[in-house]
1. Identify the residue in the range 20-62 that is in contact with a Ser or Thr (Cβ under 7 Å, 6 or more places away or on another chain) and either hydrophobic (A, V, I, L, M, F, W, C) or outside any strand (DSSP E or B) (or both) and, among all such residues, is surrounded by the most Cβ atoms within 10 Å (Cβ to Cβ).
2. Within the range 48-71, identify whether any single residue is of a type in the set (Lys, Arg) and closer than 22 Å to Met1 by Cα, and answer yes or no.
3. List the pairs whose first member sits in the range 19-34 and is more than 14 Å from Thr79 (Cα to Cα), whose second member is assigned to a helix (DSSP H, G or I), and whose Cβ atoms are under 8 Å apart, counting only residues at least 6 apart or on separate chains?
4. Considering only residues that are of a type outside the set (Lys, Arg) and closer than 15 Å to Thr67 by Cβ, which ones fall in the range 1-14?
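Computed from the coordinates by the stated procedures, all read-outs in this text should not be read as laboratory data. Everything numeric in this text was worked out from a predicted model, so none of it was measured. Cβ sites come from the backbone with ideal geometry, for glycine too, and all protein chains shown count toward neighbours.
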Amino acid sequence: MYAAQEMFKTANKVTRPEKALILGFMAGSRENPCPEQGDIIQIKLSEHTEVLPKADGTGSTTMLVDTVFEMNYSTGQWTRLKKYKPITNTS
């Protein structure tokens, strides 16, 4: 469960019930609590911003980064994903 402790250290969006669901899944529980959502469930762990270099090398851009925990109830596998969204200035 060291992996879970490390993951939750930086989690700023996950709720207690979601933590319990993740821990149960990591411990081997394969009963899907939300079958209407399908076999793959995603839970947002954290949200923060990162300044990343632009692909064309002409500076940098600020991105909103969501870290998501994905559980696949049909295979029993889990993974962490990062989703990047550009932050647009509205001024």
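1. Taking the candidates together, the pick is Leu45.
2. Checking the range 48-71: not a single residue is of a type in the set (Lys, Arg) and closer than 22 Å to Met1 by Cα.
3. Pairs that qualify, where the first residue is more than 14 Å from Thr79 (Cα to Cα) and the partner is assigned to a helix (DSSP H, G or I), are Lys19/Phe8; Pro33/Leu21.
4. Ala3, Ala4, Glu6, Met7, Phe8, Thr10, Ala11, Asn12, Val14 - these are the residues of the range 1-14 that are of a type outside the set (Lys, Arg) and closer than 15 Å to Thr67 by Cβ.
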